[in-house]
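Working notes, beginning with the structure itself.
Derivation of every value follows stated rules applied to the coordinates shown; laboratory data play no part. In this text, all values refer to a predicted model and were calculated from it rather than measured experimentally. Reconstructed Cβ throughout: ideal geometry from the backbone, glycine too, with neighbour counts over all protein chains shown.
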Amino acid sequence: MHVTSSKPLSGNPGVALTDPAWVRWSLVGVSIAVISLFLILPLATVLIEALSKGWQAYASSLTLPDTLAAMRLTLLTAAITVPLTTVFGVSAAWAIARFDFRGKSLLTTLIDLPFSVSPVIAGLIYVLIFGAKGWFGPWLSEHDIKVIFAVPGIVLATLFVTFPFVARELIPLMQEIGHEEEEAALSLGASGWQTFFKVTLPNIKWGLLYGVLLCNARAMGEFGAVSVVSGHIRGLTNTLPLHVEVSYNEYDFVGAFASASVLASLAVLTLIFKTLLEWKQSQDRKA
Amino acid sequence: MPKKIILKSILLGLALFASGSAFAERTLLNVSYDPTREFYQAFNKEFIQYWKDKTGEEVNVQQSHGGGGKQTRAVIDGLEADVVTLALSGDIDQIAERAGLFPKDWQKRLPNNSLPYTSTIVFLVRKGNPKAIKNWDDLAKDGVAVITPNPKTSGGARYNYLAAWAFGVKTYGSQDAAKEFVKKIFKNVPVLDSGARGSTTTFIQRGMGDVLITWENEAFLALKEYGAGDFEIVVPPTSIKAETPVTVVDKIAKKNGNLDLAEAYLQYLYTPVGQKLAAKHFYRPAHPEFADPEDLKRFPKLDFYTIDGDFGGWATIQKVHFDDDAHFDQIYTP
């Protein structure tokens with residue numbers, strides 16, 4: 001902003017407020033317009049479409065067996081992947097924030113890998129490994145174990161894309177907190193686990209929950225990777241996001257948007273919790 | 001505390017899941033291509049009832065739909081289909097060849113070359129046909145936007161492409177001229193979806209394109225779903241006979257203990273009930289005498305190019321047109 005930088009920097013934090021009112025208001029206006037146009041309007045459309053034939057149609061499309069099965073599968077997938085990524089995230093963050101070892105920066109980079117790999121590739125990796133023509137395919141089919149085009153494949157693909165969420169959240173937090181408190185606890189005779197549960201966990205709990213929340217949202221919303229390994233069997237391997245697509249393709253717009261509204265309300269809930277957690281976290285830091 | 005909550009949610013999730021799969025009834029998986037969704041939804045209901053009346057056994061039929069090529073790939077990669085009902089015999093040949101799940105002469109096992117129904121390719125245009133599209137050469141004109149799925153992933157799109165090619169050979173006299181002609185058409189294609197249904201939504205919902213080349217049954221279904229007010233079907237004087245065969249996936253069906261069920265399921269397609277439903281859902285039945293005469297009236301008479309007659313079968317087509325760097329790759333350079 002040229003207006004502010006041309007003034008001598010007096011160190012007054014309120015200097016930005018001296019921007020002319022029209023600058024401030026037009027910036028605020030543009031932000032609100034963009035948000036309404038790109039976020040609120042589409043979300044509203046989802047709801048309007050979902051309710052276009054009334055509450056009755058909305059409710060009955062949400063209680064169809066295939067829709068319920070999709071919700072069940074989505075919940076199951078999240079219930080398996082979220083705890084696993086949480087455990088992994090905490091251990092990885094601990095290792096990276098507390099210890100120095102060779103290959104540490106490599107490990108940090110690898111954790112970010114799922115962020116940079118396209119989800120479709122993530123799905124294909126598992127098809128290549130576990131598919132009938134893949135590395136383990138023949139062995140798996142001999143032992144009648146289904147991975148791809150079944151629930152385990154969906155869980156694996158989701159695990160891949162949600163892998164970094166908790167760790168990414170915790171690493172900077174734990175590095176910032178440092179380890180003085182833990183060293184004090186240890187020197188006072190606490191065991192490793194006691195230190196973790198009584199000292200470390202309370203310190204990182206809001207950040208941890210925040211990571212878990214984001215991870216959960218992604219686990220329930222993932223489309224690309226899951227689509228590749230799902231096989232799209234109705235009522236069996238369709239997760240909620242896939243079910244939205246299937247319903248839409250079957251001209252069942254109420255059904256598609258009703259399922260989409262469930263996912264959207266999940267997103268809104270996530271946002272509310274996220275805001276709450278951020279507020280809590282800042283409160284804790286002040287204390 | 002958080003640990004307990006996590007544990008509880010895992011248990012809850014498992015319980016919810018278990019409750020969904022606790023029924024021990026036999027389940028048949030039918031892996032099919034895109035536009036058959038509505039037909040098989042109706043047919044499965046009839047078959048389940050028929051099987052219950054006949055044997056007293058409650059069975060369940062599951063469906064998986066997508067672009068035909070993609071579905072073929074999935075079965076080869078291990079999607080456990082008891083039966084496949086695909087868009088073209090070339091795809092089913094691929095499964096026999098690459099995965100060896102049933103004999104290579106599968107097409108001889110069921111009546112009418114394993115074709116309980118067939119279809120053809122027509123045009124869907126916007127109301128009033130503003131670009132005056134009547135025949136295949138109209139698709140190559142400047143300023144006409146054509147919607148078709150990707151022949152690499154969609155069976156329907158292969159028929160679209162081949163029909164245009166056959167028209168090109170007949171009209172312009174040589175393979176080279178046909179290639180130029182098809183190339184011109186694909187210059188008019190703004191986007192290639194992976195399956196027929198995706199292209200339908202592109203044309204209808206997103207409002208792209210002047211003409212959609214699609215299955216006859218898909219065009220009728222689109223008219224039915226969206227009302228005849230905004231679109232109309234144009235049938236070219238000559239199109240291609242789309243042979244959409246079915247077969248039992250022997251090895252998988254045997255492994256799942258479903259062989260008798262799978263065979264009965266496909267046989268049932270040829271019965272009056274199956275044939276009537278096929279015609280009702282805009283497929284041309286193998287036994288028109290079983291169909292409702294009113295339904296049959298919707299199918300206009302036209303001349304057909306054929307896969308075997310004009311192209312020498314799918315194996316040749318695959319090599320000449322759709323393998324890497326074959327005709328299609330040379331024609332379509334996005």
**OP:** Using only Cα atoms, tell me the angle between helix B:89-99 and the longest principal axis of chain B; keep it within 0 to 90° and round to the nearest 10.
**Re:** 50 degrees
**OP:** For the range A:198-274, count all C-alpha to C-alpha pairs, find those more than 20 Å apart, and express that count as a whole percent of the total.
**Re:** 44 percent
Subject >> Global geometry of the range A:11-160, whether rounded, prolate or oblate, following the gyration tensor of its Cα atoms and the 1.5 cut on a/c >> reply: oblate
Original post:
In a solvent-free Debye calculation with one equal scatterer on each Cα, what is log10 I(q)/I(0) for the range A:174-226 at q = 0.15, 0.31 Å⁻¹, listed in the order of the q values?
Top reply: -0.55, -1.13
**OP:** Please give, to one decimal in nm, the separation of the simple spin-label points placed at B:T306 and A:E181, each 7 Å out from Cα toward the Cβ.
**Re:** 8.1 nm
Original post:
Given N residues in the range A:74-115, what is Rg(Cα) / (2.2 N^0.38 Å)?
Top reply: 1.39
Original post:
How big, on average over all directions, is the shadow cast by the Cα convex hull of the protein assembly as shown, in nm²?
Top reply: 37.1 nm²
Original post:
What list do you get for A:F223, A:F115, A:F149, B:F220 if you sort them by fewest beta carbons within 10 Å?
Top reply: A:F115, A:F223, B:F220, A:F149
Subject >> Å³ per residue enclosed by the Cα convex hull of the range B:73-133 >> reply: 141 Å³
Original post:
By Kyte-Doolittle mean hydropathy of at least 1.6 and Cα axial length of at least 15 Å, which whole DSSP H helices of chain A are selected?
Top reply: A:21-35, A:119-130, A:151-162
Subject >> Computed [θ] at 222 nm, deg cm²/dmol, the protein assembly as shown (DSSP H ≥ 4; -39,500 (n - 2.57); rounded to nearest 500) >> reply: -18000 deg cm²/dmol
Subject >> 18 Å Cα-Cα reach of A:K274 towards aspartates and glutamates, excluding residues that sit fewer than 8 places from it in its own chain >> reply: A:E169, A:D284
Subject >> Mean projected area (nm²) of the alpha-carbon convex hull when the range B:122-199 is viewed from all directions >> reply: 5.1 nm²
Subject >> Equivalent ellipsoid, the range A:145-287 (semi-axes from 5 times Cα gyration tensor eigenvalues, Å) >> reply: 40, 19, 10
Subject >> For the range B:171-242: span of alpha carbons on each principal axis (Å, largest first) >> reply: 41, 25, 19
**OP:** Calculate one ³J(HN,Hα) per residue across the range B:169-186 by plugging θ = phi - 60° into the Karplus curve 6.51 cos²θ - 1.76 cosθ + 1.60, and present them in order as whole Hz with x for glycine and proline.
**Re:** 5, 5, 7, 10, x, 8, 5, 5, 5, 4, 5, 4, 4, 5, 4, 4, 4, 6
**OP:** Tally the DSSP beta bridges in the protein assembly as shown and give the antiparallel ones as a percent, rounded to 5.
**Re:** 55 percent
Subject >> Cβ-Cβ FRET estimate between A:K198 and A:L128, R0 fixed at 60 Å, reported to 0.05 >> reply: 0.85
**OP:** Count, for each residue of A:126-139, the Cβ atoms from other chains sitting within 10 Å of its Cβ, then give me the mean as a whole number.
**Re:** 2
Subject >> Taking only Cα atoms of the range B:36-151, radius of gyration then Dmax in Å >> reply: 19.0, 61
Original post:
So what's the angle, to the nearest 10 degrees on a 0 to 90 scale, between helix B:216-226 and the longest Cα principal axis of chain B?
Top reply: 80 degrees
Subject >> Estimated D of the range A:25-67 in µm² per second, where Rh is the Kirkwood radius over Cα pairs and Stokes-Einstein applies at 4 °C, 1.567 mPa s >> reply: 105 µm²/s
Original post:
If you put +1 on each Lys and Arg Cβ and -1 on each Asp and Glu Cβ, how big is the dipole of the range A:28-116 around its Cα centre, in Debye rounded to 20?
Top reply: 220 debye
**OP:** With a bin width of 5 angstrom, please list the P(r) values of chain A as percents of all Cα-Cα pairs, from the 0 bin to the one holding the largest distance.
**Re:** 1, 5, 9, 11, 12, 13, 12, 11, 10, 8, 5, 3, 1, 0, 0, 0
Subject >> Principal semi-axes in Å for chain B [√(5λ), Cα gyration tensor, largest first] >> reply: 36, 23, 21
**OP:** Based on other C-beta atoms within 10 Å, arrange A:W135, A:W94 from fewest to most.
**Re:** A:W135, A:W94
**OP:** Tally the DSSP beta bridges in chain B and give the antiparallel ones as a percent, rounded to 5.
**Re:** 55 percent
Subject >> Rounded if a/c under 1.5, otherwise prolate or oblate - the range B:216-334, Cα gyration tensor axes >> reply: oblate
Original post:
What nm distance separates the two modelled labels at A:K205 and A:T275, each placed 7 Å from Cα along Cα→Cβ?
Top reply: 2.3 nm
Original post:
By a straight-distance test (C-alpha under 14 Å), which aspartates and glutamates pair with A:K146 as possible cross-link partners, with residues fewer than eight away in the same chain excluded?
Top reply: B:D77, B:E80
Subject >> Estimated distance in nm for a label pair at A:R24 and A:S52, the labels positioned 7 Å out from Cα along Cα-to-Cβ >> reply: 4.3 nm
**OP:** Name the residue farthest towards the positive end of the dipole of the range B:211-278 from the options B:T244, B:G257, B:L277, assuming +1 on Cβ of Lys and Arg, -1 on Cβ of Asp and Glu, about the Cα centre.
**Re:** B:G257
**OP:** Fewest Cβ neighbours within 10 Å first, please rank A:V246, A:V120 accordingly.
**Re:** A:V120, A:V246
Original post:
Which of the lysines could be linked to B:K276 by a straight reach, that is with a Cα gap under 23 Å, when you skip same-chain ones fewer than 8 residues away?
Top reply: B:K45, B:K52, B:K54, B:K224, B:K241, B:K297, B:K301
